[in-house]
Amino acid sequence: MNSDCKEYKLIDVVDLKSGTTVKKGLELKFGDVAYIKVSGMNLEGNEKRITTSNEYLNHEDINIRNIFPIGTTIFPKRGGAIATNKKRLTEIPLCVDLNTMGAIPKSGLVIPLYVYFYFQSFDLLSISNGTTIPQINNYSFDKLKIFVPPIPEQKRIVSILDTVFADLEQTRAKTEQNLKNARELFDSYLQQVFSQKGEGWVENTLGEITGGVSTGPFGSLLHKSDYIDNGIPLVNPAHIVGQKIVPDSRKTITEETALRLSAYKMKAGDIVIGRRGDMGRCALITQAEDGYLCGTGSFIIKSSDRFDGGFLVRFLRSASCVARLENIAGGAVMPNLSNSSLSNFRIYMPSKTKQIEITSLINNISIEIEKIIDIYNKKLNAIDELKKSILQKTFSGELTKTVEHSRSHAPRGNA
C-alpha cells in the first residue's frame, strides 16, 4: 500500500451538518439560495448531483452558516427516506431542510468527489439507529473509517471511478431498455390477441358470461377488531401481486367470522379483482386459496362453464382492458369501480375451448419472456454488485495498493 495513504475516521476528514427548519412563508419560487428537501433530490437533473430546486430562499431570511457549499454530499437523515439510500453531490450553494444532512469535505484533506464516492460504498440504513422511525445523526458516523491517499491520487481514483461508472451506467441503460422492450413485446402480443374479433368471437357483458359479480363486505360488516393473526385470509387489492395472491397473515379472520361472512367466501375458479386503485389488478382463485374471503376493496367474479379463468385474468390485466376500466371507474382522486359498471362491462370472447387454447399459448410465450426478463434482471444485479465491489476496494485501500503495485512493476524506458 502507498505509504502516503492513511486511514482516518470519517468525522476527521468531513464536517457533518444537519439542515434547518424554514418558515413556510419564506419559501419562494425564485430567490438567492436553493432550498432542498428530500423530495427535491428526485427532480430532473438532480439524480446524482444537485443542480436545481423548486424552492428558494433570500439571503436576508437565512443564517449564512446554514448554507451548504458546493461539493457537499447530502442525504436523508430521518424516517423512511433513509431506506431510499439517496446521496447527492451539490453543484450549487444551498440550504436543506431538517430531514436532510450533509458531509462537507475538510479543505486540503479530501476532495468532494472522493467523499461522494465514499458515501456510495455503504447503505444509509446500516448506520441509522434502527428504530421504528430510523434516524441518522453525527454519532452515526463515529465508527466509519476511510483510507485517504494524497490529493493527486484521489483525483486519479475519482477519474477512474467516473469513467468506470459511466460505462456501467451505459450498460445499465441498455439493459433496462432491453428489459422494457421484452415487456412491451409481450404486451403488444396480448393486445393483438384480445383485439381480434374473428369467427366464433361473441360479445357479452361480464355479468352474462360469468356466474355474476359480487362486491366484498362493506366496512360495517368487517371491523379492525375482527382481524387476527394466521387465520383465514382476506384478499384486498394489495394482496394481489402479479397474477398471484400473497396474503397478509395479520389481515386474517377467525372461522366464526368467516362463517358470518360466508357470502363473501371465494371458491377455486373464481376471480378476485380490485375495485379501487389500480384497475385490472386480478388473480384466479386456485385450490390453494379456496375458502379465502373477498376483502372490502375487491369484487368476486364467480366462475361458470362459459369462460376459462386463466383467459379472463389475462384479458382483464391487458393494457387495453385496463384503459377501458379506468375510463368507466369513478373517483376523482382514486379510481373506484362500481358493481354495475363491471357487470355491464362488454367483452368479446371465443368458445371456451378456444379460450383454453389461447391461454396455453399465452402462458408458453410468457414463460419464454420471463426467462429473458430474468437474464436482464440478473445482469442489472451483477452491475450493482460490481459497483459495490469496486467501491469497497477503493475505500479499503485495495485500489490504491493495486495502483502502487502496477507502478512499481511497470516497465521503465531507457534513460
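The values are calculated or read from the model by the stated rules, or taken from the named source; none is laboratory data. Remember, predicted model here, so these are calculated numbers, not experimental data. Neighbour counts are summed over all protein chains in view; Cβ atoms, including those assigned to glycine, are modelled from backbone coordinates with ideal geometry.
Here are a few things to note about the model shown:
- So Gly102, is it on the phi < 0 side of the Ramachandran plot and either touching a Lys or Arg at 6+ places or on another chain (Cβ under 8 Å) or not acidic (Asp, Glu) (or both): yes
- Asp226 of a type in the set (Asp, Glu), under 20 Å from the mean Cα position of the chain (by Cα), at pLDDT below 95 and farther than 19 Å from Ser303 by Cβ: no
- Condition met for Leu259 (part of a loop (DSSP other than H, G, I, E, B) and surrounded by fewer than 16 Cβ atoms within 10 Å (Cβ to Cβ)): no
- First in region 328-356 and in contact (Cβ under 8 Å) with a residue 60 or more places away in the chain, second anywhere and among the aromatic types (Phe, Trp, Tyr) and not in a loop (DSSP other than H, G, I, E, B), Cβ under 7 Å, 6 or more apart: Asn339/Phe299; Leu342/Phe299; Ile347/Phe315
- Candidates Lys23, Lys48, filtered to the one that is within 22 Å of Lys87 (Cβ to Cβ) and in the same structural domain as Ile70 (by TED's automatic domain parsing): Lys48
- Looking only at residues of region 52-68 that are surrounded by 16 or more Cβ atoms within 10 Å (Cβ to Cβ) and not aromatic (Phe, Trp, Tyr), we find that the one that is nearest to Pro93 (Cα to Cα) is Ile67.
- Some residue of region 78-88 being at pLDDT 95 or above and touching a Lys or Arg at 6+ places or on another chain (Cβ under 7 Å): yes
- Condition met for Thr286 (in the same structural domain as Ala319 (by TED's automatic domain parsing), surrounded by 14 or more Cβ atoms within 10 Å (Cβ to Cβ), over 22 Å from Ser320 (Cβ atoms) and not hydrophobic (A, V, I, L, M, F, W, C)): no
- Tallying residues that are modelled with pLDDT under 90 and touching a Leu at 6+ places or on another chain (Cβ under 8 Å) within region 210-223 yields 2.
- Residues that are acidic (Asp, Glu) and exposed (fewer than 12 other Cβ atoms within 10 Å of the Cβ), drawn from region 199-246: Glu199, Glu203, Asp229
- Any hit, region 290-309, residues being in a helix (DSSP H, G or I), touching a strand residue (DSSP E or B) at 6+ places or on another chain (Cβ under 8 Å) and at pLDDT 95 or above: yes
Conditions tested, residue by residue: (1) crowded, with 20+ Cβ neighbours inside 10 Å; (2) among the hydrophobic types (A, V, I, L, M, F, W, C); (3) in the same structural domain as Lys37 (by TED's automatic domain parsing); (4) modelled with pLDDT of 95 or more.
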| residue | (1), (2), (3), (4) |
| --- | --- |
| Phe75 | yes, yes, yes, yes |
| Gly102 | yes, no, yes, yes |
| Gly108 | no, no, yes, no |
| Phe117 | yes, yes, yes, yes |
| Phe122 | no, yes, yes, no |
| Ser126 | no, no, yes, no |
| Thr132 | no, no, yes, no |
| Asn138 | no, no, yes, no |
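- Qualifying residue in region 264-286 (condition: assigned to a helix (DSSP H, G or I), free of Cβ contacts under 8 Å to residues at least 40 places away in the same chain and on the phi < 0 side of the Ramachandran plot): no
- Among the residues listed as Lys197, Lys155, the single one being basic (Lys, Arg) and either without any contact (Cβ under 8 Å) to a residue 60 or more places away in the chain or in a strand (DSSP E or B) (or both): Lys155
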